[in-house]
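Asks: Encoded as structure tokens, here's the structure I'll be asking about.
Laboratory data are not the source of any read-out in this text; all were calculated from the coordinates shown. The shown structure was predicted, so the numbers you read here are calculated from the model rather than taken from an experiment. Ideal geometry is used to build each Cβ from the backbone, glycine not excepted, and the neighbour counts take in all protein chains shown.
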């Protein structure tokens, strides 16, 4: 008899509620849960990937060991014992830093992995060589929160359902489903914003899916967002449009900010940004005059040369117009598990520059080094060289800059252990791959995403299926690895305690200690989730006593921005892009998500194609300092002149990859062109947007 199972999809930040029909271990269908108070029946195309991953014939279901050019199945006991012996030997001979840890953002979508891989595993390893996707994603966002509000976990979220003016830079929520903005059914929500008389303004080098539904779209040159925002602030201050009294927390640095922005007139920044002085002034006036407004930016802002400055200036605009922590502006959640309170009580507001990387002297963030220097640490001989790597839910060969170099470096490791479902572009170099259960085979609580929702919600997600015999959850794998790394009596004690203190138990304790006093058992009785209400002003309650408008590091970095204005423009600048059905590389192994027209094509404006003698549909060579790819050209006015665009996450043509569907739609990797030496010098974030390239007809 078919049954219905209710849970949220946690493949992206939308966390849509799902109703999954199943019978005898088979999924019959997936649809939106109409009783979910948050998503109300919405479901995006990616949700079907839950079924595809569960049924995927390429998915590993047993631990495997590399044997030459192939992988052979081994027992869990054999794998753990050998891994433990080799890790202990490498650490004993070369020190703790000889073992590195690398984690991808799917760790945040698995509460067991979050608890064990992000806390206990780093503690057990004791290494400074930790890497993650943070430094190619949201590192600037968290650093700005650390310096302005006192804690990296205090993340402003657009109050999208009540705002009347939405200014978007370098973000494409129609394709990403929101980012640091958990919100199912973005198309409907953006439509509702306009229907209630609000406006959507997009600044982006590409006319994105979001730009297509906006009231206005303005092309802006890659990497110049900070200059535009300074011109915007100049208008606010010189025309008396600031609204400081509206803020719920005292401000520091107002006069220093006023003095800083005076030199950056809209006229001065017009040439480098490509946005006229008249448009900059009008956009600033309209924003200030709106009853409520949000300035919002994401990957296009973060992963660029001045990403930290641009992220800071976005928040400054929200503050000085009096929109922060106010209905319809950027606000802060009141989740059932309050991560800010936990960080505050633990005395962990976040760290930056507590130590630096061995080879390139790049700063740490939250105990991690920028992934742009990962290949350096693997290749460069000497004390502290990485000789072994533990990697989970991460495919940096496709997601990190200069993936080809990292590809080569991974092949030379003494030991690489991957916790992953697939033999992909990165894990093909592993000596062991340890597969875990899929989303439908383990329970889940969204610790991270409930903390960035546009409404306060909570939901327990129960497992739909029992794991296949012998298959382990992520946290069980990490627990056993921790025990093996620790060794001896301490390791056995850790294993015994961990098997009792499960992720479910930990979350139950956190829920009981939280503001709502929920329990896991109570949430299990509410399978559609609970809407806890709209966001409310609460910055002061989060422990912020003053908003620091002018952190010293920002003031210093403005000098670097100022110097950039005298540089010439690159003839062509490469930017990335994402598609709703292929946000991440692993989604390309789902036939229903890759079918249709090819998506891995290079966008180029007609004004750039014509003088190069390039035509729509032909294969072109794209070159940067670090490499070359050959890809089909699509000539389009959806990108501004001087800009070309490649999508993220493709390039599945490496030998040894076991992803049948993805290899049939291999495409090329944009990160075979991005340059690991290009980072935001203020914080180490990789520059993925604004990379100088050449595009020509391929040589024979």
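Asks: Relative contact order for the chain using alpha-carbon pairs under 8 Å, separation at least 6, rounded to a whole percent?
Replies: Working: 1544 pairs, mean separation 134.2, N = 700.
With pairs under 8 Å counted, the relative contact order is 19 percent.
Asks: Residues in segment 328-354, backbone N under 20 Å from the label point at residue 681 (7 Å along the Cα-to-beta-carbon vector): list them, ranges by number please.
Replies: Of the residues in segment 328-354, 353-354 have backbone N under 20 Å from the label point off residue 681.
Asks: Now, a different point. Over segment 189-235, with a single point scatterer placed on each C-alpha, what log10 of the ratio I(q)/I(0) does the Debye formula yield at q = 0.13, 0.20, 0.22, 0.27 1/Å?
Replies: Results for segment 189-235 at q = 0.13, 0.20, 0.22, 0.27 Å⁻¹ read -0.36, -0.73, -0.81, -0.95.
Asks: Sorted from largest down, what three extents in whole angstroms do the Cα atoms of segment 203-303 have along their principal axes?
Replies: Principal-axis extents of the Cα atoms in segment 203-303, largest first: 38, 28, 27 Å.
Asks: Send over the per residue convex hull volume for segment 629-700, Cα only, as a whole number of Å³.
Replies: On the way: hull volume 11.0 nm³, N = 72.
Taking only Cα atoms, segment 629-700 has a hull volume of 153 Å³ per residue.
Asks: Any idea how far the Cα center of segment 628-696 sits from the one of segment 483-559, in Å?
Replies: Using only Cα atoms to place each centre, the spacing works out to 35 Å.
Asks: First measure r as the distance between the Cβ atoms of residue 696 and residue 607, then evaluate 1/(1 + (r/R0)^6) with R0 = 22 Å and state the FRET efficiency to the nearest 0.05. Intermediate values should be presented prior to the final figure.
Replies: Details: r = 16 Å, r/R0 = 0.75.
Efficiency, rounded to the nearest 0.05: 0.85.
Asks: Gain in length, residue 559 to residue 35, computed as 0.36 nm per residue apart minus the alpha-carbon separation, to one decimal in nm?
Replies: Working: separation 524, 0.36 × 524 = 188.64 nm, distance 5.31 nm.
Gain on extension, residue 559 to residue 35, equals 183.3 nm.
Asks: Largest first and in whole Å, give the semi-axes of segment 570-696's equivalent ellipsoid, each being the square root of 5 times a Cα gyration tensor eigenvalue. Before the final figure, lay out each step's value.
Replies: Working: eigenvalues 108, 75, 34 Å².
Equivalent ellipsoid semi-axes, largest first: 23, 19, 13 Å.
Asks: Go ahead and run the numbers for FRET between residue 538 and residue 263, Cβ-Cβ distance against an R0 of 56 Å, rounding to 0.05.
Replies: Values: r = 36 Å, r/R0 = 0.64.
Computed FRET efficiency for residue 538 and residue 263: 0.95.
Asks: Could you tell me the center-to-center distance, by alpha carbons, between segment 145-177 and segment 353-429 in angstrom?
Replies: 30
Asks: For the chain, what does -39500 (n - 2.57) per DSSP helix run (n ≥ 4), summed and divided by total residues, give at 222 nm, in deg cm²/dmol to the nearest 500? Working shown, then result.
Replies: Numbers: 25 runs with 215 residues, N = 700.
Result for the chain, helices only: -8500 deg cm²/dmol.
Asks: What distance in nm separates the two pseudo spin-label positions at residue 408 and residue 81, each 7 Å out from Cα along the beta-carbon direction?
Replies: 3.9
Asks: To one decimal place, what orientation-averaged projected area in nm² is obtained for the convex hull of the Cα set of the chain? Walk me through the intermediate numbers first.
Replies: Numbers: hull surface 116.0 nm².
Result: 29.0 nm².
Asks: Using 0.36 nm per residue of separation minus the Cα-Cα distance, give me the extension gain between residue 74 and residue 244 in nm, one decimal. Before the final figure, lay out each step's value.
Replies: Values: separation 170, 0.36 × 170 = 61.20 nm, distance 6.38 nm.
Roughly 54.8 nm would be gained on extension.
Asks: Still on this model: For segment 268-319 and segment 1-32, what is the separation of their C-alpha centers, rounded to whole Å?
Replies: If we compute the Cα centre of each part, the gap is 40 Å.
Asks: In the P(r) worked out for segment 3-55, what percent of Cα pairs fall beyond 15 Å? Spell out each step's value before the answer.
Replies: Working: 538 of 1378 pairs.
So the pairs more than 15 Å apart make up 39 percent of the total in segment 3-55.
Asks: For residue 664 and residue 356 in the same chain, what is the full-extension length gain: residue separation times 0.36 nm, less their Cα-Cα distance, in nm? Walk me through the intermediate numbers first.
Replies: Details: separation 308, 0.36 × 308 = 110.88 nm, distance 4.14 nm.
Extra length available between residue 664 and residue 356 comes to 106.7 nm.
Asks: Please order 522, 412 by the number of other Cβ within 10 Å, starting at the fewest.
Replies: Working: 522 16, 412 11.
Placing the least packed residue first, the sequence is 412, 522.
Asks: Cα-based Rg of segment 284-325 per 2.2 N^0.38 Å, rounded to two decimals? Before the final figure, lay out the partial values.
Replies: Details: Rg = 11.1 Å, N = 42, 2.2 N^0.38 = 9.1 Å.
Relative to the rule-of-thumb radius for its length, segment 284-325 sits at 1.22.
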